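**Q** Pasting a structure here, questions to come.
The values are calculated or read from the model by the stated rules, or taken from the named source; none is laboratory data. Model, not experiment: these values are computed from the prediction. All Cβ positions, glycine included, derive from the backbone under ideal geometry; neighbour counts span all protein chains shown.
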Amino acid sequence: MTHVTPRSICRSNWLAVIILMAAMSLIASVVTASAVTGSMGVKPILFVQERVGDPAHEPAGSLSRLVRLDPDGTLTILSEGMLNAAQPDVSFDGRTILFAGREHAADSWQIWRMALDGTSRQQLTDLPGDAREPIWLAPAAINSPTFDRRLPWISFVSTAAGVLDDRGREPLPNLYAMSLEETPDRGQIRWQTTYDLGGNGAPTVLRDGRILYSARQRGGWALMTISWAGENLNSFYGSHDGSWAQWSACEWPEQERVVFIESQSDERAGRLASVSWRRPLHSHVVLDATGAYRTPARLQDGSLVVAWRESETGTYGLYRFDVTSGRGELIHDDPDWHDVDAVSLAERATPRSRIPTVDFASVLDVSGFESAGQLQCMNVYETDRPSVTPARGEVTSVRLMEGIPRRIGSSQVGADDDVSSDAAAGEQSWPPAGVRTRSLGVAPVEADGSFYVNVAGDVPFYMETLNAQGQVVDAMRAWMWVRSGDQRGCVGCHENRELTPENRATQALRRAEPANLMGPQAEGAP
């Protein structure tokens, strides 16, 4: 990216700026470090400053902090007294800041909120493990049957489950939704909303109310969507083959696009790319690959702000990015800090609110097992991989395989674990080495390729198609789940994601006798 530095303040006069600021009598919360501040618009912005260098060797002080930048160039630290404050999100009415932080090195990361001036700071979560990357959700009602009382909700990423990812390496992060007000009969509500075992992060809410986030499968990160309550899991863009990882997505309504970072590692820094909001699978564009980008975001005026640095020896600064020219106009760059994660301190449009199906009277009636969902597939022979498509009639049944992760602190998967012999062969082997698997059950596949099952809810699994001899014909190489009380459907196996399903009632659905695939938990097994 070519960057433009405003003439009013440039790097050549840093010394004069430092001398002037040192002579001023300023309150402690006003930043006095040497920095370059450029054009920023008519609304204040909030951003994160990350200390440059190895945090283990830094002097006392914040390792990351929240800073407000006003239109007149005034910088104010809003997170005084905290060791870390990061990943901010501003409420839709523009009045409240949500962020992740911790006060002391021994503390875990938790979710906090505060006013725009840094006052009224309040810790919202107190979970085991870390809670990070909070976002505001649209107010939503769950009081069936009237649904007339909308509650404020947030989503965040947490390792509260206390298990390792499917590699057996790191605490497993998943998405959660939490109400900020108590209900009369249930108190405060907190749901886990993703259940796959690879890890999830970097959520953002789209204008239609869906959550867009990054998910890891088989060593690669790609973009997925769910409803705010964890229903309707779908791929959005990317490949889990590990070639390019997609991170930090943001919606850009003015351009009808979604912008994100692409990298060839787990680092959330790399080239800037985008896809069409309506046809993400066929509209990929690399906007710029010079230097390294982080944390793209839409500002209140409709422009795109990015964190960018030219080389690994430099620091990240904030720039307004012009898609047409590929140029970046400087907003702020402090040589002592990485400036990232900018958001507007302004009102914004509230996304569409959705009523979740997981929390009111369900059509499900599975005797003896309340935590169940339903899954139907229209045609297991429908695929975008013709070279591996089984012959019509070859598949006679489908088996669902549950993935069970290690608990944090355990030294092995387990003496009697059923893990395939090639699981340790590499990141893209399946099933991954860090989990054990067990069958949830087997269901028949009809002549038209359809099947229909009741399945254990909120349980990660993958599917295997079987022939008449019980041999595996093909196996899914990704985790999926069905929320308890939810109903999910799929067109096929690895089908074209833009495919419109045929308007027909499948043989499995007409039979109206879903197989119960509840696994050992139905008999009380752990």
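Conditions tested, residue by residue: (1) in contact with a helix residue (DSSP H, G or I) (Cβ under 9 Å, 6 or more places away or on another chain); (2) under 30 Å from Thr437 (Cβ atoms); (3) not hydrophobic (A, V, I, L, M, F, W, C).
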| residue | (1), (2), (3) |
| --- | --- |
| Thr74 | no, no, yes |
| Gln87 | no, no, yes |
| Ser91 | no, no, yes |
| Leu127 | no, yes, no |
| Ile142 | no, no, no |
| Phe156 | no, yes, no |
| Leu164 | no, yes, no |
| Gly168 | no, yes, yes |
| Pro173 | no, yes, yes |
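**Q** List, please: which pairs have Cβ atoms under 8 Å, are six or more places apart or on different chains, and start with a residue in the stretch 450-477 that is farther than 25 Å from Arg510 by Cβ and end with one that is among the basic types (Lys, Arg) and surrounded by fewer than 18 Cβ atoms within 10 Å (Cβ to Cβ)?
**A** Tyr462/Arg477
**Q** Pairs needed: first member in the stretch 498-512, within 27 Å of Phe236 (Cα to Cα); second member anywhere, at pLDDT below 85; C-beta distance under 7 Å; at least 6 residues apart or different chains.
**A** Between residues of the stretch 498-512 that are within 27 Å of Phe236 (Cα to Cα) and residues that are at pLDDT below 85, the close pairs are Leu499/Val491; Pro501/Val491.
**Q** Right, here's the next one. Among strands (runs of 3 or more DSSP E) lying entirely in the stretch 229-328, which contain 3 or more residues that are among the hydroxyl-bearing types (Ser, Thr, Tyr)?
**A** Working: elements: 234-237, 245-252, 257-263, 270-276, 285-298, 304-309, 317-321.
Counting at least 3 such residues, we get 285-298.
**Q** Quick one: in the stretch 357-402, of everything that is of a type in the set (Gly, Ala, Ser) and over 27 Å from Ile189 (Cα atoms), which residue is modelled with the highest pLDDT? Before you say what the answer is, go through the steps one by one.
**A** Initial filter on the stretch 357-402 (of a type in the set (Gly, Ala, Ser)): 361-362, 367-368, 371-373, 387, 391, 393, 397.
Remaining after also requiring over 27 Å from Ile189 (Cα atoms): 387, 391, 393, 397.
Details: Ser387: 60, Ala391: 84, Gly393: 89, Ser397: 96.
Per the stated criteria, the residue is Ser397.
Let's see how each residue does on (1) surrounded by 17 or more Cβ atoms within 10 Å (Cβ to Cβ); (2) in the same structural domain as Glu262 (by TED's automatic domain parsing); (3) out of contact with any Gly (no Cβ under 8 Å at 6 or more places or on another chain); (4) farther than 20 Å from Gly457 by Cα:
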site	(1), (2), (3), (4)
Thr119	no, yes, yes, yes
Ala131	yes, yes, yes, yes
Arg150	no, yes, yes, yes
Arg167	yes, yes, no, yes
Glu170	no, yes, no, yes
Gln188	no, yes, yes, yes
Trp191	yes, yes, no, no
Tyr213	yes, yes, no, yes
Gln217	yes, yes, no, yes
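**Q** Sticking with this structure for a sec: Which condition does Arg218 not pass, out of (1) closer than 23 Å to Ala273 by Cβ; (2) at pLDDT 95 or above, if it passes all the others?
**A** (2)
**Q** Please count how many residues of the stretch 82-102 are part of a loop (DSSP other than H, G, I, E, B) and under 16 Å from Val48 (Cβ atoms). First the steps, then the outcome.
**A** Initially, the stretch 82-102 is screened for residues part of a loop (DSSP other than H, G, I, E, B), giving 82-83, 91-95.
Now restrict to residues that are under 16 Å from Val48 (Cβ atoms): 82-83.
So the answer is 2.
**Q** In the stretch 310-336, which residue that is under 26 Å from the mean Cα position of the chain (by Cα) and surrounded by 21 or more Cβ atoms within 10 Å (Cβ to Cβ) is farthest from Met114 (Cα to Cα)?
**A** Phe321
**Q** Can Arg309 be described as closer than 19 Å to Ala249 by Cα, assigned by TED's automatic domain parsing to the domain that holds Gln87, of a type in the set (Lys, Arg) and at pLDDT 90 or above?
**A** Criteria met by Arg309.
**Q** Quick check on Glu347: is it at pLDDT 90 or above and out of contact with any Leu (no Cβ under 8 Å at 6 or more places or on another chain)? Write out each step before concluding.
**A** Details: at pLDDT 90 or above: yes; out of contact with any Leu (no Cβ under 8 Å at 6 or more places or on another chain): yes.
Considered against the rule, which asks whether it is at pLDDT 90 or above and out of contact with any Leu (no Cβ under 8 Å at 6 or more places or on another chain), Glu347 comes out as yes.
**Q** Find the residue count for the stretch 442-465, including only residues that are assigned to a strand (DSSP E or B) and surrounded by fewer than 20 Cβ atoms within 10 Å (Cβ to Cβ). Before the answer, list the steps.
**A** Looking only at the stretch 442-465, we keep the residues that are assigned to a strand (DSSP E or B), and these are 442-444, 451-456, 461-465.
Filter again for surrounded by fewer than 20 Cβ atoms within 10 Å (Cβ to Cβ), leaving 442, 444, 464.
The total comes to 3.
**Q** Residue under question is Ile135, and the condition is that it be under 22 Å from Tyr195 (Cβ atoms) and either in contact (Cβ under 8 Å) with a residue 24 or more places away in the chain or among the aliphatic types (A, V, I, L, M) (or both); does it hold?
**A** Values: under 22 Å from Tyr195 (Cβ atoms): yes; either in contact (Cβ under 8 Å) with a residue 24 or more places away in the chain or among the aliphatic types (A, V, I, L, M) (or both): yes.
Yes, satisfied.
**Q** For the condition crowded, with 20+ Cβ neighbours inside 10 Å, in the same structural domain as Ile45 (by TED's automatic domain parsing) and not hydroxyl-bearing (Ser, Thr, Tyr), what is the one hit in Ala85, Ala115, Ala141, Ala105? Explain how you work it out, then say what you get.
**A** Values: Ala115 fails: crowded, with 20+ Cβ neighbours inside 10 Å; Ala141 fails: crowded, with 20+ Cβ neighbours inside 10 Å; Ala105 fails: crowded, with 20+ Cβ neighbours inside 10 Å.
The unique qualifying residue is Ala85.
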